[in-house]
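Read the structure below first, then the notes.
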Amino acid sequence: MATSPSNIKTSHSKAVDAEKNVSELELLVETEKYRIKELEEQISLLEKKCENFKAEASSNGERVSELEEELEVVRLRASSLEVALQASKEKEKELNERSIGRE
């Protein structure tokens, strides 16, 4: 069984094509490995940012609570001052009326 030159040429061409396909696939694999590495780095960075945002949100929540408490104290103080001011105005009015009555 003799192998004809055209069969050898066809086999060689198929082998060259197969090697080319293998090289292309190896290149694609390397490209995908690099892409996976980049994506893993991005995920890691985003996870760190997420943790930072959570910590900041928690801190901001605590600060909001502190400010709400402070606001309540200020409101109570303002209310107390309004009552004192009203009492002072009434006392002033009373004194003015007494003063006018003496004249």
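The values are calculated or read from the model by the stated rules, or taken from the named source; none is laboratory data. The structure presented is a predicted model; accordingly, all values stated were derived computationally and were not measured. Don't worry about glycine lacking a Cβ; one is built from the backbone with ideal geometry, like all the others, and counts go over all protein chains shown.
Kindly check whether there is at least one residue in the stretch 8-18 that is basic (Lys, Arg) and at pLDDT 95 or above. No, the stretch 8-18 contains no residue that is basic (Lys, Arg) and at pLDDT 95 or above. Answer yes or no as to whether SER6 is in a helix (DSSP H, G or I), exposed (fewer than 10 other Cβ atoms within 10 Å of the Cβ) and more than 23 Å from the chain's Cα centre (by Cα). When the stated conditions are applied, SER6 passes them.
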